[in-house]
Amino acid sequence: MANYLVTGGAGFIGSNLTNFLAKENHVVVVDDLSMGKMENLDLSANIEFIKGSVIDVTLMRNLFKEKEFDYIFHLAAIASVADSVKNPVQTHQVNFDAVFHLLELTKKYQKMFKRFVFSSSAAVYGDEGTLPKQEESVIRPLTPYAIDKFAAEKFVLVYNNLYEVPASAVRFFNVYGPKQNPSSPYSGVISIMMDCFDKLKGNLDAKFTLFGDGQQSRDFVFVEDVIQALLLVAKSSATFGEVYNVGIGQATTLLKLIRIIENHFGIKLPIIYKEARLGDIKESFADISKLQEVGYKPKNTVSEGMKKYIEYLQKRV
Ligand code: UD2
């Protein structure tokens with residue numbers, strides 16, 4: 001049994017990772033439940049839940065003094081780009097300061113430690129047009145969210161290179177799957193679509209607002225493949241001080257996505273077309289060859305991932 005710390009472990013990606021790890025390991029989850037939910041966790045003897053924020057310096061210091069971790073997955077963040085634009089100071093505390101502080105605590109207290117894995121975002125690439133995005137592509141962060149992710153990512157790698165804190169980082173493309181919270185208009189587009197389908201299934205009225213012409217595309221990656229990526233990065237000896245794109249390496253347009261989901265559900269999605277969002281990126285997808293070199297094989301095409309996601313939702317009802 002290894003000891004894991006998953007910050008943001010009750011959130012979308014964090015809870016999927018925690019539930020997976022807890023089958024065979026001890027997992028400490030720190031989450032302030034601002035976006036995450038307790039019910040996302042399969043609470044078992046192997047999960048120790050601490051309600052608190054990663055910006056609580058005393059809480060985190062005590063935790064790091066008290067426990068020896070083998071691995072830390074830092075997933076806690078204010079995930080909304082829109083929130084970072086509205087409240088840059090508050091989001092900076094969570095998305096940057098907390099990371100910096102955790103690195104210092106790791107350096108100071110974690111002596112037998114194996115790896116710190118930081119979750120960054122494809123947002124760091126901004127609107128520069130070269131595709132697919134390689135880890136060394138132009139970085140053009142356009143929002144406080146993206147700047148914080150990039151700066152934190154760089155500190156993580158520098159702590160590996162200069163201070164012997166074993167650390168790596170990943171840049172998530174568009175992650176989808178069970179437990180993604182659809183509550184904000186800026187939630188992941190798939191979670192919003194699924195919420196609409198869920199309502200339609202229950203004979204409720206629901207319409208999906210499509211911003212733009214639907215030809216914009218994204219690299220949608222199923223959360224199971226993201227977990228595969230996180231574990232590979234945490235455990236490979238080739239990944240120290242490195243950053244990796246996490247996607248499936250394919251772009252899917254929103255119109256195609258809608259068709260895939262309609263086919264799975266056998267229901268048509270009523271669509272309201274609106275102007276494209278300001279600053280919306282037309283196309284984005286990852287070059288995943290660097291991650292493939294350490295053994296990553298995405299197992300789910302968008303259609304396969306959506307099938308599993310829909311089966312999960314149907315089982316839940
Ligand atoms: C993703 C990330 C964001 C940031 C950004 C960097 C998510 C949820 N967001 O934004 O945090 O990292 O990448 O580039 O992972 N759309 C609709 N209707 C809706 C919602 C969205 O048409 O109700 C469109 C939206 O305008 C965009 C596409 O769907 O063209 C994808 O939107 P998204 O918010 O899921 O993801 P993205 O790539 O814009």
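The values are calculated or read from the model by the stated rules, or taken from the named source; none is laboratory data. Predicted model, so just to flag it, every value in this text is computed and none were measured. Don't worry about glycine lacking a Cβ; one is built from the backbone with ideal geometry, like all the others, and counts go over all protein chains shown. For accessibility, only protein heavy atoms count, side chains too; no ligands or nucleic acids. Shrake-Rupley method; radii C 1.70, N 1.55, O 1.52, S 1.80 Å.
Starting from 0 in steps of 10 Å, tell me what percent of the Cα-Cα pairs of the stretch 26-66 lands in each bin.
Taking all Cα pairs of the stretch 26-66, the binned fractions are 27, 53, 20 percent.
For K201, go through the lysines and keep the ones whose alpha-carbon is under 19 Å away, minus same-chain ones fewer than eight residues off.
Within the straight-line limit of under 19 Å, K201 reaches these lysines: K179, K268, K307, K308, K315.
How big is the stretch 149-218 in terms of Cα radius of gyration and Dmax, in angstroms?
18.5, 58
For the stretch 16-65 and the stretch 151-221, what is the separation of their Cα centres, given in Å?
So the separation of the two Cα centres works out to 21 Å.
Return a single number: how many Lys pairs in the stretch 48-145, at a sequence separation of 8 or more or on separate chains, have alpha-carbon atoms below 16 angstrom apart.
So the count of such lysine pairs works out to 7.
Which shape class applies to the stretch 255-317: rounded if a/c is under 1.5, otherwise prolate when a/b exceeds b/c and oblate if not, where a ≥ b ≥ c are the square roots of the Cα gyration tensor eigenvalues? Write down the numbers at each step before the final one.
On the way: a/c = 2.83, a/b = 1.17, b/c = 2.41.
Cα axes put the stretch 255-317 in the oblate bin.
I'd like the FRET efficiency for E128 and D97, computed as 1/(1 + (r/R0)^6) with the beta carbon distance as r and R0 of 25 Å, rounded to 0.05.
Efficiency, rounded to the nearest 0.05: 0.35.
How high is the relative contact order of the chain, in percent, with contacts defined as C-alpha pairs under 8 Å that are six or more residues apart?
Once normalised by length, the contact order is 16 percent.
Want the number for R316 to Y273: 0.36 nm per residue separation, take away the alpha-carbon distance, what's left?
Length gained, R316 through Y273: 12.4 nm.
Modelling each spin label as a point 7 Å along the Cα-to-Cβ direction, I'd like the E66/K308 distance in nm, to one decimal.
3.4 nm
Kirkwood Rh over Cα pairs of the stretch 190-317 into Stokes-Einstein at 10 °C, 1.306 mPa s: D in µm²/s?
Rounded, D is 98 µm²/s.
What number results when the radius of gyration of the stretch 62-156, computed over Cα atoms, is divided by 2.2 N^0.38 Å?
1.19
I'd like the accessible area for K235, computed on protein heavy atoms only with a 1.4 Å probe and all protein chains in place. Round to 10 Å², please.
Number for this one is 120 Å².
Once the piece of chain linking K256 and Y186 is laid out straight, how much longer is it, given 0.36 nm per residue of separation minus the C-alpha distance between them? Could the numbers behind the result be given before it?
Numbers: separation 70, 0.36 × 70 = 25.20 nm, distance 2.03 nm.
Working it through step by step, the gained length comes to 23.2 nm.
Angle between the Cα long axis of helix 144-163 and the longest principal axis of the chain, 0 to 90 degrees, nearest 10?
It is inclined by approximately 30 degrees.
In the P(r) worked out for the chain, what percent of Cα pairs fall beyond 36 Å? Please list the in-between numbers first.
Values: 7337 of 50086 pairs.
Of all Cα-Cα distances in the chain, 15 percent exceed 36 Å.
With an 8 Å Cα cut-off and a minimum separation of 6 or more residues, compute the relative contact order for the stretch 108-156 in percent. Spell out each step's value before the answer.
Numbers: 38 pairs, mean separation 18.8, N = 49.
Relative contact order here is 38 percent.
Report the calculated FRET efficiency for D205 and T301 (r = Cβ-Cβ distance, R0 = 22 Å), to the nearest 0.05.
Between D205 and T301 the formula returns 0.10.
To the nearest 10 square angstrom, how much accessible area does T253 have with a 1.4 angstrom probe?
About 40 Å², rounded to the nearest 10.
When the Kirkwood radius is taken over all Cα pairs of the stretch 7-120, what Stokes-Einstein diffusion coefficient follows at 4 °C and 1.567 mPa s, in µm²/s?
For the chosen part, D equals 90 µm²/s.
For the chain, find the longest principal axis of its Cα atoms and tell me its angle to the long axis of helix 12-21, 0 to 90°, nearest 10.
So the inclination is approximately 60 degrees.
Label 7 Å along Cα→Cβ of Q215; the stretch 251-282 residues with amide nitrogen under 11 Å?
none
Please compute the contact order of the stretch 164-317 in relative form: average sequence separation of alpha-carbon pairs under 8 Å and at least six residues apart, divided by the residue count, as a percent.
34 percent
What is the stretch 107-171 by shape, rounded, prolate or oblate, if you read a ≥ b ≥ c off the alpha carbon gyration tensor as root eigenvalues and call it rounded for a/c under 1.5, prolate for a/b larger than b/c, and oblate otherwise?
prolate
Given the peptides 237-244, 11-18, 267-274, arrange them by the average over their residues of other C-beta atoms within 10 Å, most packed first.
11-18, 237-244, 267-274
Can you give me the three principal axis dimensions of the stretch 76-232 from its C-alpha atoms, in Å, biggest first?
56, 33, 31
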